[in-house]
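Read-outs: derived from the displayed coordinates by stated rules, not from any lab. In this text, all values refer to a predicted model and were calculated from it rather than measured experimentally. All Cβ positions, even for glycine, are placed from backbone atoms using ideal geometry, and neighbour counts span all protein chains on display.
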Amino acid sequence: MAATNRTGIVPYLQAAPLALVFLLFLVVPLAFIVVVSFWTYDNYQIQPAFTVQNYADVFDRCIARLPTLCTTFRTYVSTLGFALRVWVLTLLIGFAIAYFLAFEVRSKAIQSVLFLICTIPFWTSNVIRMISWIPLLGREGLVNRTLMGLGVVDQPVEWLLYSGFSVTLTFVHLFTFFMVVPIYNSMLRIDRSLIEAARDAGASGWQILWNVVVPLSKTGIAIGSIFVLTIVMGDFVTVGLMGGQQIASVGKTIQTEISYLQFPIAAANAVVLLATVLLIVFALLRVVDIRKEL
């Protein structure tokens, strides 16, 4: 009877509510965005007439301008640059934190307490956490005052705030936890006897880390990478606030187009961004099968 239920209609009925929510709140809105991306518009109205001009405007004859990069390509290069830097930093920091919690902390109770401490920043708004960096990094901020007081610099350092550095720093501060959680979850599943066997075989600490821990944690690394990359690629609030409205990103471009009520070209930009992110996710899934973790 149990086998019959697993192969019958019962599993589909159980998955139906979540599938319906997924359909209504993700698939249908995405379908509307794709449809609107082919509509025409002017300064006064949007017309549901099919056109590919919006995509032509997005790329702005980029191929013809090669090797000079057009505005769209420069914007994507800037956004991908932020995503790559943030991914590397969050991976290094997140892996170190997850390793410490999983292998260095022996007590399960202390592990839980320390993991809970990692969640405390999420009890406040992301915007508040961004703004908290401004008194530290500003021209008259704590960091500049400290550097000048120590005699390291003679005048305030300008690039600490409203720059690529401040945007990257804020991204790392906001999203490192998205890397910690899946890696920590993967490390908890590693059989400790494998590490003991490697140690008994004469493996050094770095060999155990590289040949045992990292391969067995790659599923968590892939999931965390997907979280971080997808969020950074579409972010516009952090780039606008911490970049002083001076740094270009794809999300910022879409937000600006929406503010000017240019919905069709904003939808076209969103479709291109979605396709880019899906390609990144597809590449990660080709390397790691995350179904083992789910």
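Some observations on this one:
- Leading residue at positive end of dipole, the chain (Cβ point charges), from Phe282, Val213, Gln246: Val213
- Relative contact order of region 89-193: 43 percent, from C-alpha pairs under 8 Å at least 6 residues apart in sequence.
- Computed over the alpha carbons of the chain, Rg followed by Dmax gives 23.6, 80 Å.
- Point-to-point label distance, Ala109-Leu284, nm (Cα→Cβ direction, 7 Å offset): 3.6
- Stokes-Einstein diffusion for region 195-294, with the hydrodynamic radius set to the Kirkwood value over Cα pairs and evaluated at 25 °C in a medium of 0.890 mPa s, equals 149 µm²/s.
- Calculated log₁₀ intensity ratio I(q)/I(0) where the Debye formula runs over C-alpha points of region 27-156, q = 0.15 Å⁻¹: -1.05
- Spherically averaged projected area of the convex hull of Cα atoms, region 191-242: 5.0 nm².
- Span-rule helices in the chain, defined as complete DSSP H runs reaching 18 Å or more along the axis (Cα) with Kyte mean at least 1.0: 10-22, 71-99, 164-188, 214-234, 263-287
- Among the chymotrypsin sites (Phe, Trp or Tyr not before Pro) within region 21-101, those in coil by DSSP and having at most 13 neighbouring Cβ atoms inside 10 Å are Tyr44, Phe50.
- Between region 253-294 and region 9-40, the Cα center-to-center distance that results, in Å: 16
- Cα-derived Rg to Rh of region 119-228, Kirkwood definition: 1.18
- Across all directions, the average projected area of the convex hull around the alpha carbons of region 116-180 is 5.2 nm².
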